[in-house]
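Remarks on the structure that follows.
The values are calculated or read from the model by the stated rules, or taken from the named source; none is laboratory data. Worth saying up front: this structure is predicted, and the values here are computed from it rather than measured. Cβ atoms come from the backbone with ideal geometry, glycine included; neighbour counts cover every protein chain shown. Accessible surface areas use protein heavy atoms only, side chains included; no ligands, DNA or RNA. Shrake-Rupley method; radii C 1.70, N 1.55, O 1.52, S 1.80 Å.
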Amino acid sequence: MEQSEEELRNKLIVLFVFDKMDIALSEKTIINICYTQNGWMMPIYCMDAIQKLVKANFIHPTTRGREKMYTLTPDGRVCLANFYSRLPESLRQEISDYVKTNRMSFKRQQEYMHTYYKNNDGTYTVWLRIVEPSSTLLDLKFVVPNNRTAKNIHENWEKKASNVYLMLHDQLVE
């Protein structure tokens, strides 16, 4: 069955985003990048492209907790190299610029997990994690006295996670 130009373009956009991001991405993140933030394709076409790229072994799914993450395979890189020129240069530049500006933000959103909840005694437990597609680097829970403190920690985790990890590592590893 022959694919349409639009279907090929959508697959190439997804492959190009993976290539430029160079990190594992969730379906939600891919749709956010390709549709919500940029309008390069509709979500249904994005999900279809992801499924077809997995079936063709151009991206590989892995599971991290309850979330499925995808990475670009060597075959996906070869495919992108072969059809690279089918994406207009202006679109390639737009994707490259977007990724350059936003890559770390998406990386933090996916790797720096954080939540908090109220305990029976009125205190709050803050749960902070740094996760990679295949392992958890840091898993930290601690109790704070009130909602304001828990919320403040929760809101600052993505900005401060790498510094906290580095400080703990430096203090504990000799």
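Considering all projection directions equally, how large on average is the shadow of the alpha-carbon convex hull of the chain, in square nanometres?
Quarter of the Cα hull surface area: 12.8 nm².
Ordering 159, 52, 100 from largest to smallest accessible area (1.4 angstrom probe), what's the sequence?
Highest to lowest solvent-accessible surface, that is 100, 159, 52.
Top to bottom by accessible area (1.4 Å), largest first, where do 116, 124 land?
If we order 116, 124 from most to least accessible, we get 116, 124.
Could you give the nm distance between label points at residue 6 and residue 68, where each point is 7 Å from its Cα heading toward the beta carbon?
2.4
Taking only the alpha carbons of the range 102-174, what extent do you get along each of the three principal axes, in Å, biggest first?
Answer, in whole Å and largest first: 36, 34, 20 Å.
Heavy-atom accessible area per residue, the range 62-174, 1.4 Å probe: how many Å²?
I get 67 Å² per residue for the range 62-174.
5 Å is the cut-off here: which amide hydrogens, built 1.01 Å from N in the peptide plane, fall below it relative to residue 26, excluding neighbours closer than 5 in sequence?
70
May I ask you to rank 19, 121 by accessible area, largest first, using a 1.4 Å probe over the protein chains only?
These residues rank, largest area first, as 121, 19.
Two-decimal Rg/Rh of the range 43-115 from alpha-carbon positions, Kirkwood Rh?
That ratio is 1.00, to two decimals.
Of the accessible area of the chain, with the probe set at 1.4 angstrom, what percent is carbon plus sulfur?
Here carbon and sulfur together make up 50 percent of the probe-accessible area.
For the range 74-123, divide the Cα radius of gyration by the Kirkwood radius and give the resulting Rg/Rh value with two decimals.
1.36
Using the Cα centre of the range 46-174 as the reference point, and only Cβ charges (+1 on K/R, -1 on D/E), how large is the resulting charge dipole? Debye, rounded to the nearest 20.
Charge dipole, the range 46-174, about its Cα centre: 300 debye, nearest 20.
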